[in-house]
1. For a quick check: with amide H placed at 1.01 Å from N, whose amide H comes under 5 Å from B:Leu309's, ignoring anything fewer than 5 positions away on the same chain?
2. Under a Cβ-only charge scheme (Lys and Arg +1, Asp and Glu -1), can you give me the dipole magnitude of the protein assembly as shown about the Cα centre, in debye to the nearest 20?
3. Helix-derived [θ] at 222 nm for chain A: sum -39500 (n - 2.57) over DSSP H runs of at least 4, divide by residue count, nearest 500?
4. I'd like the distance between the alpha-carbon centres of the stretch B:218-241 and the stretch B:8-50, rounded to an integer number of Å.
5. Enumerate the calculated ³J(HN,Hα) couplings along the stretch A:44-57 in order (Karplus 6.51 cos²θ - 1.76 cosθ + 1.60, θ = phi - 60°), each rounded to whole Hz, writing x wherever the residue is Gly or Pro.
6. All other residues with a Cβ under 9 Å from the Cβ of B:Met97 taken together, and with Lys, Arg as +1 and Asp, Glu as -1, what is their net charge?
7. What net charge is computed for the residues neighbouring B:Glu229, neighbours being all others with C-beta under 13 Å from the C-beta of B:Glu229, Lys and Arg scored +1, Asp and Glu -1?
8. Consider a paramagnetic label point 7 Å from the Cα of B:Asn278 along Cα→Cβ; state which residues of the stretch B:372-404 have an amide N under 18 Å from it.
Amino acid sequence: MKVHVDAELCSGHGRCWANAKDVYRLDDDGYNADRGTTIEVAPGSEAAAEYGMRSCPEAAIEVVTQG
Amino acid sequence: MTQTDDDLGNSTDDLKQRFGRDMFNDFDIDDPQFNEHFFEILDEMVDKCPVVRSNVGDGYYMVTRQADVRKAGQDWHTFSSAKGYMPNRPEGLPYLMPEESDPPKHTSWRQRLNPFLAPKTVAQYDTQIRADANTLIDRFIDRGECEFVSEFGAKLPGWAFFKNVLGVPTDDLDQLVDGVERGTFAPPEERGPAFAGVFEYLGKYLEIRSNEPPRGDLVDVIAAGVAYEDGSTSPWADRVSILVDLTFGGIATTTYVMAGAIHHLATHQGDRETLVDNPELIEGAVEEFVRVFPPVVALGRTCTRDVELAGTQLKEGDFVLLGYGAASRDPRVVENPAKIDIGRDTVLHSAFGVGPHRCIGSNLARLELRATLEEWLKRIPDFGLRPGTAPTYETGILRTMKNLDLVF
């Protein structure tokens, strides 16, 4: 499974990280550290990745490849 | 007559009967009826009226659904903050930075300020905030009663901000917190002077700090200023404005969520016992309290071009409020939104705004709320509303709870 974090839309709410710390990382500004890139989700973490994605108030995260 | 017109006709009469005015087509965010029937009106709006219209002053709109609030909040090119966040803004009022600016000026400030309010940074304040919460509780716990707003809710966020984030001298703390409290809760004519005193202090403090060795904190960054796109350095007035904006935005707002949460727990024994027995659920409960007690009811944008939003044609120059409070109760996004459910799986709300102007203090606010509930429930697990009392509220673009009498 791969998810993409939009570089423009991420506004540093930090909800993805708060709800799925194994999948999402924050940078020192409190924004998604991988914004603008596509994250390869570790096998077994798909549900967490989706939970983090659903938590984003900006809808900045989307699944690009289903696991 | 079309079906739509018929529906609208009925609802106009219905609204007038229930709320004394047509809250869809003749809205006034400062109407005492809106304060009185706050949640009921928000639910009506988000259900039936995606764009509310006001005829007050120059007139303004308010979008109520989460998808539309998000669209406008994210599209800063079209929905600009540079002409201020309040409708019918008084002539000559200086703009607050960075809240009342657009990228790239907004970005140049936010990039410098963000690290000081990121989760990792504010986590360092956790121990101090919890100690302060306990200091406040110590003052009234033996009395078996307190007025929560003035004795706790209006104090802790001020202490958290001025002590930890700004590092002001301890001796000045009471004066500052008192100034913000009076600026928020005193009779309206006394509020301006109270806030003016706080802002004057902040200007002097910034000047003092700019002449002292750097401490590596937020105040250093503000005092040094940032480079704007045109190559100029931010003027001094903009730097003071940053401090004013952070102070104005971050203290009384958190007070309202705190008071709302404590009021809910005082009046819902089941939820209170759940959180006392399962403190690990407090973090999720905080998110729900932020959703249902929106201190920022709405903040505005000015259209930079003609644009259609939620089926309504807006013109260049029109003022639109982003209805954060309504959007957090959108049944299209939140199941059974009128219910306060501390165990929700996903709490999707707009309480901290959306788009590049997302509340910069959101991480600090969450920490203060979590520390408050955890420390409070440890010390005072059983409490209720003083019989015969009820909280009173005040609502405009911001909402406050003015009193909350508790017994324990």
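Bear in mind that the values in this text are calculations on the coordinates, not laboratory data. Quantities reported herein were computed from a predicted structural model and do not represent experimental measurements. Counting neighbours? That spans all protein chains shown, and the Cβs are built from the backbone with ideal geometry, glycine included.
1. It is B:Leu314, by chain and number.
2. Taking the Cα centre of the protein assembly as shown as origin, the dipole is about 600 debye.
3. -5000 deg cm²/dmol
4. Between the Cα centre of the stretch B:218-241 and that of the stretch B:8-50, the gap is 43 Å.
5. After applying 6.51 cos²θ - 1.76 cosθ + 1.60, I find x, 9, 4, 5, 5, 4, 5, 5, x, 5, 5, 7, 7, x Hz.
6. -2
7. On the way: positive: B:Lys105; negative: B:Asp102, B:Asp230.
So the environment of B:Glu229 carries a net charge of -1.
8. B:373-374, B:377-378
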